[in-house]
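Below is one structure, written out as structure tokens, with a few remarks after it.
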Amino acid sequence: MATERPAKLRVFSLNCWGIRFFSKLCTQRYEMIGELLDREQHDIALLQEVWSEQDFLFLKKKLSSSYPHTHYFKSGVIGSGLAAFSKHRIQDALLYQYSLNGYPYMLRHGDWFGGKAVGLVILDVLGLKAHVYVTHLHAEYSRAQDEYLPHRIVQSWELLQFVRHTSCGADLVVLGGDLNMHPQDLGNRLLRSHTGLRDCYTETGTFDGCEDGHTLIANNHFTKKQDLIPFEKGIRIDYILMKGSQRVNMKCESLSTTKGSVADKPFPYSDHEALTAELALFRSEDSRQHESGNTPAVSEQMDVVTEACAVVKEGLCQTEAMRDKAMHLVFGSLLLLLLPLVLAFLPCSCSFSFSTVGLLGAVCISLLLSGALLYLLFTTHIKVLKETEDQMMLTSNDLQTKLTGCQLSGSSSSDGSPELQPRSPFKREE
Amino acid sequence: MNRGKSDTVSSLKTGCHHPIRLIAMTTAAPIRFRVFSLNCWGIRYLSKNCKERFVMIGDLLNQEQLDIALLQEVWCEKDFLYLKKKLSSAYPYSHYYKSGFIGSGMAVFSKHRIHDAFLYRFSLNGYPYMAQHGDWFGGKGIGKILLNISGLNIHVFVAHLHAEYCREKDSYLPHRVVQAWELQQFVRHTSAGADVVILGGDLNMHPDDLGTRLLRNYTGLKDSFSEAAKFDGCEEGYTHISENPYTSTDSLVPFGGGIRIDYILFKGSKEVHVSCESLSTTKGPVSGHPFPYSDHEALTAEFLFTQTKKGNGCSERKSGCVSDKLPELVNTVNEARTEVKVGLHCAERMRHTAARTGIMGLVLLVLELAIATVPLFALGAEQPFPKASFYLLGALCFAILLTTLMLYVFYSMEVKALQGAEDQMRLALSSIQEQLKESPKVLSSDHL
């Protein structure tokens, strides 16, 4: 096929920090974001933390000519906060809500109520089928003692599984969002090594933005410097990832981020920086041109899944311990409940006023109910962690077989599984 | 599609975004594939003869020599582990899907290596306060496994939808419709690289119910009962019959003594033609045993996978299998959307009631506190302060406040899930309508 000019795809991603009545200057910032998107004329804009549907509808109306196709992913109590604005027609949309997303009693963190998820929109881009994912993972509140690490690893696992299983028919895959993970964090490595998605920041030839591609910087008017400690200048936690297919090769021609302040405006778009990637799409008839060189090694995949499995197991232990505590609370309060009951019916109870007995009884019942609810919550979490662990083990075993199969190339496999033995006239070449 | 030499094949692990290229050396022999599905009714301490029935199920599976067995309602992990041990030689590979509080209850036993497993939890699954129905605690969802047999990618799904407790006034219908929607979405979007798709499970829906039609029409999956060359089982393929001692005969009388709510569905692809050679069901009592395997009947289907020279199956790129089914699909999706809207109104009303009740409780509490402060300021109060009533009322208000708060949170999630499903349906409708506009051109170019 003759060399043709590659098609271009401009992708935008921003965590909008749109917590109404809570985040500063929300309405004004949405105005600014709307103006920016209208001006920039991207192909796709992927937004996170658009918690209020009214804000989404405002943007939808404002951008109706430049982005006629939109989807707002709804999940959880106030979420998911994910929205996609597209120049190209959205053929279909699917949502996968993460099974673990914090705790309902951690009100000041609030992630649980957000119903965080990964949203998929399938676009028709110049005759090509583009699978575009937008996501937002659980925030990291304390890197030194990250109690949400198992949750984020489970989310990374579910994200990679979802991308892997739904991107089979895609010509190109783009993932944008706030992963709340640094580039070399376990969850990120897990995601990239198992999906084959490539980081635009590392792939691009041209970069213009914050130092080291940081997307949460100290220079931003809204960020709290102490939240970034020990990272003085900033952290890179928002990404645009991409992958081609046999039909399409993708290259990131340029990537840019906002740099904290906005020209002519007194404040930035959000507490996060916005990412804009310009992707070039090359049709590829010859499958050998495909980026097979970028497929991560099986051994690397195995190592990272083993590491992730260890984190999940640790999370499991911790959650089981918490569930045991909840159980103790239930039984303890049941026992304690006997006290006011006994006091209420004893003949010499006149020495204890009704209010004391009543209060004690009320406290016991509250503790009992709290314990029961916590038991329910932690059991659900344990189930999720065990399921994730099982899936990881399955993958690990499968990779192990592949590794052994490669090492024994030519000789018949010893494990007896039919698909590795060359019985069938249909051979799968690896 | 040219089948020539291929030196790059995707690793299953970096995503199956490249279709597997096969090298045909000779005409391949068709592959036989036997699938089993049963709702085991394994609610420990509640369902009758639970332990003994699992022994029987284990014996049956060992004797039948199937390729895969899809079980539902294996609520207790101990029962799964028992079966796993018992079936370890005939079915060396298995997966137990864990979700919710006691669920998901779904297990897969396979003769062939399971390359991958994935679980999709339904966003709606009943109400936590409906303890007598208990579905909410079950964490129902869709389980998926990937098998590879002789180079063929086989995607197997197992599902268990919300039960129907009262057909005349089905308060769970919106939930089940959303579950059916999510099921078809999940199957459609994750089976693009599949040569064969099999779906088995307890859909809790009759063959012509909205959800079943939605599932079949949109995914193109075929019902083994309608397609089987040979059938041996209950009349009309019923899977929940009055002859079964565990079922309530009264509830089945209006349906002629049985209902068909368990299915094995299947689909081939461009490269692989799948036919259902036979389907059989158990018929209630089991010979040599005092009771049946479960309150549901078991399904066994035998499939034949045949490689085709030219693609005569459905194109993976189209949402519907055949363009002439699109108008029917539009109607079905519209019908589903209506049901979801009905559910949405109901959920919004419930949420509003919870909010109103909560506010009333709060107001009452504040009022009571205000009244309580009066004796402090009243001079020469002669009446003793009614402490008992005060505390009781206060406790009641507090309890109401907490309960309504939790209900508000729950109903908000229900509303979001229903709105989300409706949005997806609306999007799907516009997509299908676009396809319909283009379809005269498709028919004329005739590349199928």
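The values are calculated or read from the model by the stated rules, or taken from the named source; none is laboratory data. Every value quoted in this text rests on a predicted model; they were computed, and no experiment measured them. Quick reminder, even Gly has a Cβ in these numbers, built from the backbone with ideal geometry, and neighbours come from all protein chains shown.
What the table shows:
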item: Residue list for the range A:258-276, restricted to those being within 15 Å of A:Y239 (Cα to Cα) and touching a Gly at 6+ places or on another chain (Cβ under 8 Å); result: A:T258, A:E273, A:L275
item: Residue in the range A:120-136 that is in contact with a helix residue (DSSP H, G or I) (Cβ under 9 Å, 6 or more places away or on another chain) and on the phi > 0 side of the Ramachandran plot present; result: no
item: Residues (of a type in the set (F, W, Y) and within 14 Å of chain A (Cβ to nearest Cβ)) located in the range B:147-173; result: B:F157
item: Of all residues in the range A:141-185 being among the acidic types (D, E) and more than 12 Å from the chain's Cα centre (by Cα), the one that is farthest from the other protein chains (Cβ to nearest Cβ); result: A:D146
item: Pairs with Cβ under 9 Å, 6+ apart, first in the range B:396-409 and of a type in the set (F, W, Y), second surrounded by fewer than 16 Cβ atoms within 10 Å (Cβ to Cβ); result: B:F398/A:S366
item: One residue from B:T373, B:T404 being modelled with pLDDT of 90 or more, away from chain A (no Cβ under 12 Å), more than 27 Å from A:L120 (Cβ to Cβ) and assigned to a helix (DSSP H, G or I); result: B:T404
item: Selection status of B:L83, crowded, with 20+ Cβ neighbours inside 10 Å and assigned by TED's automatic domain parsing to the domain that holds B:V197; result: yes
item: Unique residue being at pLDDT 95 or above, over 28 Å from A:K402 (Cβ atoms) and among the hydroxyl-bearing types (S, T, Y) when the list is B:Y120, B:Y97, B:Y82, B:Y93; result: B:Y82
item: Scan of the range B:16-38 for residues that are out of contact with any Pro (no Cβ under 7 Å at 6 or more places or on another chain), modelled with pLDDT of 50 or more and within 11 Å of chain A (Cβ to nearest Cβ), ordered by number; result: B:C16, B:T27, B:A29, B:I31
item: A:K87 being of a type in the set (K, R), surrounded by fewer than 20 Cβ atoms within 10 Å (Cβ to Cβ) and either outside the structural domain of A:L216 (by TED's automatic domain parsing) or modelled with pLDDT of 95 or more (or both); result: yes
item: The range A:55-81, subset part of a helix (DSSP H, G or I) and in contact (Cβ under 8 Å) with a residue 12 or more places away in the chain, residue nearest to B:L418 (Cα to Cα); result: A:F56
item: In the range B:163-219, the residues that are farther than 22 Å from B:S123 by Cα, touching a residue at least 12 places away in the same chain (Cβ under 8 Å) and acidic (D, E); result: B:D195
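Yes/no matrix, rows are residues, columns are (1) in contact with a Ser or Thr (Cβ under 6 Å, 6 or more places away or on another chain); (2) farther than 30 Å from B:A388 by Cα; (3) more than 7 Å from every other protein chain (Cβ to nearest Cβ):
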residue	(1), (2), (3)
A:S355	no, no, no
A:L360	no, no, yes
A:L368	yes, no, yes
A:K383	yes, yes, no
A:T388	no, yes, yes
